[in-house]
Every structure is written in structure tokens, then in C-alpha cells.
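What follows is a short report on a single structure.
The values are calculated or read from the model by the stated rules, or taken from the named source; none is laboratory data. Just so you know, these numbers come straight off a predicted model, no measurement behind them. Here Cβ is always computed from backbone atoms with ideal geometry, including for glycine, and neighbour counts include all displayed protein chains. SASA here: full protein model, heavy atoms, side chains in, ligands and nucleic acids out. Shrake-Rupley method; radii C 1.70, N 1.55, O 1.52, S 1.80 Å.
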Amino acid sequence: KLTHFYLFMIHTVTEFVLLGFPGHREMQNLFFFLILVVYILTLLGNGAIVCAVKWDKQLHTPMYILLGNFAFLEIWYVSSTVPNLLANFLSETKTISFSGCFCQFYFFFSLGTTECFFLSVMAYDRYLAICRPLHYPTIMTGRFCANLISACWVSGFLCYPVPIVLISQLPFCGPNIIDHFVCDPGPLFALICVPAPVIKLICYTFNSMIIFGPFLSILGSYTLVLRAVLRVPSGAGRHKAFSTCGSHLVVVSLFYGTLMVMYVSPTSGNPAGMQKIVTLVYSVVTPLLNPLIYSLRNKDMKNALRKVLGGLKISQST
């Protein structure tokens, strides 16, 4: 009888409630408007970079092709959470189905993992360009660049099926309230009915490996870049070398800084409010800032964006 009761309880949770950001209706409407504006600007900014890289032949180099793919990734990354968040602001029930929750979990973390890999590959590209400039054209060929891009996308989406299957098979027998705006493993683990220390350890170890692996690769690349730049005799040469890496370093700092606070030390017991704010920064704010960071610090990108915007104005006028 206990077994039958237990099996019945396991299947009682068919949907979750994402509390999101609490507040009265006027506050919810304000949040909706602000996030909607940020989302639209993110799509426009990253979309402009994708179009600039595609249409301007001067940007058909590995560095900008990687940047174009990164901007394309950011469009999907922010779209994996924000539309549901916007709907949540307007919803009275704030529910998401069991399968919908884990589907969001998969795409959000797969795209985030792909972003980690892309940041690592972009750092490697800068290392080759600065530390091995004579060999750069023969190493970073179009084919090799395409292989790196494909590896980032494929490996990013192959990393999370196993952890998600493990978590989804755990018994969720109520309550079904997730104090977050995304289906995150931390709040989900809090809702399971039985202790699962092994699966928790596997998932947290896996998250740390995915975060620290690319991060150490980035750190190694820029350590070699810094050592090479400091050997450049002229100040103008050092400034030029640093300017090519500055934008990428700012993006890496923003993304990894918030990511590590959230996932590297899961036992630290971050309050739910802090988890939401940190997640909002790296999943919504950072994709908005990235096109600004790259375009404002790069003359070639600014010129390409002017051409794109100029072409749009001409097409609209005709």
C-alpha cells in the first residue's frame, strides 16, 4: 500500500508555478515593460551585428565570424527565458508544464554552455592573432574556424541531456512552487521528495567543470597574450593589441562573474532574491550589453553597422 501511495504521489506534479518577481499588479506591469524593452533592444543589437558580419565582406574574417555567431547565439539565449518571463508577468497562475519546465532547462543551459565554449574559442583566436601572427592565416583557416564553430554548437547541446534526464526522473510530489523565474536545478532539487545526494553532486560537479574548463582555457590564452603584449616595445603597439582583446575581456568578466556566483558554490545558500537578480544579469542584461561593448570599442564593427543602418534607411525610403 505504501508503495502504491508513493507511486501515486510521484505523479501528482504535472506543472510548476514560477513565482518570478513578486509585487502588486502595477509593479508587475512595470517589470513587464522594462524587460520587454531590454528584450527588443537585445534582439536589435545582436541582430545588427549578425547582419553586419553577413553583409560586410571586410568582416569575413575568423574574429568577426566568431563574433557574428556569438551574437546569433545571444539572440537564442535570451529568447530561451524572456518570452516565458514576460508571459509570467501577465499571468495570474504563473504555471509552466512539467515538460515545458525541463525543456526550458535544457535550452537555457545548453545555450549557456555553448556561450562558454564560444568565449573560449574567441580567446584562442585572439591568442593566435597576437602571439603567433605569422602563423595565424595558416592555422585559423576558414575551414578550421567553421569546425570550431560547429564544435561549440554541437558540444553545447550534447552536454545536458544526461543531467536533465537524471533530475526529471526524480520524484516531485509537491509542493510545486519554484521561487525563481526560470527552471533552475537548485530550486528543482528543493522540490524532490527523496534525498538525492549523488545526483546533486553529479550535477554540481558537472556545472563546475563546464564553467571552469572554458574559463581556465580563457585565462591561459590571455596570460600568454599579456606576456606577449608586455614584450612589445612601442606603446602604440601595446595599445593596439590590448584594444583587440578589451571588448572580449569585458564580456568574459560580466558573464563568468555572475555565473560563478550562481553555480560554482551551490551550497552557499544564496537567498532566492539574490539568485533571481544574478540570473537576470547574466541571462538578460549581459546579452543586451554585449553588442554595445563590441561595437563601441571596434572601428570596423562601427563602420559596418553604419553601412547596415544606412542600407536600411535607403531601402525604407525607396
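The table below lists the values:
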quantity	calculated
Check on G237, closer than 23 Å to D125 by Cα, open to solvent by less than 70 Å² (accessible area, probe 1.4 Å) and at pLDDT below 75	yes
Flag for I167 being touching a residue at least 60 places away in the same chain (Cβ under 8 Å), in a helix (DSSP H, G or I) and either within 27 Å of V82 (Cβ to Cβ) or of a type outside the set (D, E) (or both)	yes
Pairs where the first residue, in the stretch 175-199, is surrounded by fewer than 16 Cβ atoms within 10 Å (Cβ to Cβ) and the second is of a type in the set (V, I, T) and modelled with pLDDT of 85 or more, C-beta under 8 Å, 6+ apart	I177/V17
Residues located in the stretch 204-225, provided they are over 18 Å from the mean Cα position of the chain (by Cα) and open to solvent by less than 20 Å² (accessible area, probe 1.4 Å)	S221, V225
Residue match in the stretch 68-90 (condition: among the charged types (D, E, K, R) and more than 20 Å from I40 (Cβ to Cβ))	no
Residue ID - most open to solvent (accessible area, probe 1.4 Å), chosen from residues in the stretch 130-150 that are assigned to a loop (DSSP other than H, G, I, E, B) and more than 21 Å from K57 (Cα to Cα)	L134
